[in-house]
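Engineer: Dropping the structure in here first, questions after.
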Amino acid sequence: MCTVVIDVAPSPGEGARLLAVRDEDPDRPWDDLGEWWPDVHPGVIGIRDRRAGGAWLAAAPAAGRLAVLLNRADVLDLPEDAVRSRGSLALESVAGRSPQGPLPMHGFNLLEVTPSGSRVLSWDGAELRETPVPAGVHMIAHDDLDDPRTARIDAWLPRFAATAGSPSADAWDERWVAVLAESARLSPEDDRAIVRDNHVHGYPTMSLLFCTAEVAAGSLQVSSRVLADPGHWS
């Protein structure tokens, strides 16, 4: 139940900025931002899942590509031993190989960001859909882009939009991190929370870290901050 906020520049080619919060089982081993795939994906940096070897977020600075993987519900009708990990999706995306359906994977939203445009590829186990991300500030989690059924989007999208500033404004990341901290005044079990403890909703996942990134022509920057106490702002 991860969350991404993205601000797409008004003119094509000007890129996008984003804030991405990762929710995962804190007992599942992982590695913070780094070059974890030098043989298969040289030059790619990302947040690695040690168990499956894939990535939640991946970026290829030389190619100007970034991708973030979010889970979503699905109607997949396959035995579990035939289901493939979704962890390869972000890595393949930044290598220029977007997924094509049908896929033997559980549901996902894959956010793909380049200087020339951004889009979400959504798989529900039956259909793979593409949703272009238009200019402006948007949010996505486990449902559709800007989906008002997602309580945290309904609660916080206007706040992020109000603090985005102009495309050339400095300190955009500080302003958005301040909004994230503001949202963390809610209980992590509140469905409006962005920094979350999802046990009460039936999932063993908690917010573990967040990344900020900026993708522009000739430049891609990404940084991460691990939360000292999963599911809590600190």
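The values are calculated or read from the model by the stated rules, or taken from the named source; none is laboratory data. Please read all numbers here as calculations on a predicted model, not as lab measurements. Here Cβ is always computed from backbone atoms with ideal geometry, including for glycine, and neighbour counts include all displayed protein chains. Note: accessible area is taken over every heavy atom of the protein model, side chains too, but ligands, DNA and RNA are not part of it. Shrake-Rupley method; radii C 1.70, N 1.55, O 1.52, S 1.80 Å.
Engineer: Hey, how many Å between the Cα centroid of the range 15-62 and the Cα centroid of the range 151-204?
Structural biologist: Rounded to whole Å, the Cα centres lie 21 Å apart.
Engineer: Here is a further query. Can you give the calculated 222 nm mean residue ellipticity of the chain, where each DSSP H run of n ≥ 4 adds -39,500 (n - 2.57) and the sum is split over every residue, rounded to the nearest 500 deg cm²/dmol?
Structural biologist: -4000 deg cm²/dmol
Engineer: With the cut-off at 1.5 for a/c, could you classify the range 124-231 from its C-alpha gyration tensor as rounded, prolate or oblate?
Structural biologist: Verdict is oblate for the range 124-231.
Engineer: Which percent of the accessible heavy-atom area of the range 176-234 goes to carbon and sulfur, probe 1.4 angstrom?
Structural biologist: Percent of accessible area from carbon and sulfur atoms in the range 176-234: 51.
Engineer: Could you sort Ser207, Ser85 by their accessible area in this structure, using a 1.4 Å probe and putting the largest first?
Structural biologist: Largest accessible area first, the residues go Ser85, Ser207.
Engineer: Separate question: Can you give the convex hull volume of the alpha carbon atoms of the chain per residue, in Å³?
Structural biologist: So the per-residue Cα hull volume is 117 Å³.
Engineer: Another question about this same structure. Counting only GluC sites (Glu not before Pro) that are in a DSSP loop and have at most 12 other C-beta atoms within 10 Å, tell me the longest site-free stretch of the chain.
Structural biologist: Result for the longest clean stretch: 128-234.
Engineer: Once you list every other residue whose beta carbon is under 13 Å from the beta carbon of Val21, what net charge do they have if Lys and Arg are +1 and Asp and Glu are -1?
Structural biologist: Net of charged neighbours comes to +1.
Engineer: Stretched out fully, how many nm does the piece from Arg97 to His199 gain, at 0.36 nm a residue minus the Cα gap?
Structural biologist: 33.3 nm
Engineer: Compute the relative contact order of the range 1-158 as a whole-number percentage, counting only Cα pairs closer than 8 Å that sit 6 or more residues apart in sequence.
Structural biologist: 24
Engineer: Ok, one more. Which FRET efficiency value, to the nearest 0.05, do you get for Ala82 and Arg28 by plugging their Cβ-Cβ distance into 1/(1 + (r/R0)^6) with R0 = 22 Å?
Structural biologist: About 0.55, to the nearest 0.05.
Engineer: Something else about it: Using the Kirkwood formula on the Cα atoms of the range 99-183, what hydrodynamic radius do you get, in angstrom to one decimal?
Structural biologist: Result for the range 99-183, one decimal place: 14.5 Å.
Engineer: Taking the range 53-94, which trypsin sites (Lys or Arg not before Pro) meet the DSSP loop condition and have no more than 15 other C-beta atoms within 10 Å?
Structural biologist: Taking the range 53-94 and a limit of 15 other Cβ atoms within 10 Å, the loop trypsin sites (Lys or Arg not before Pro) found are Arg84.
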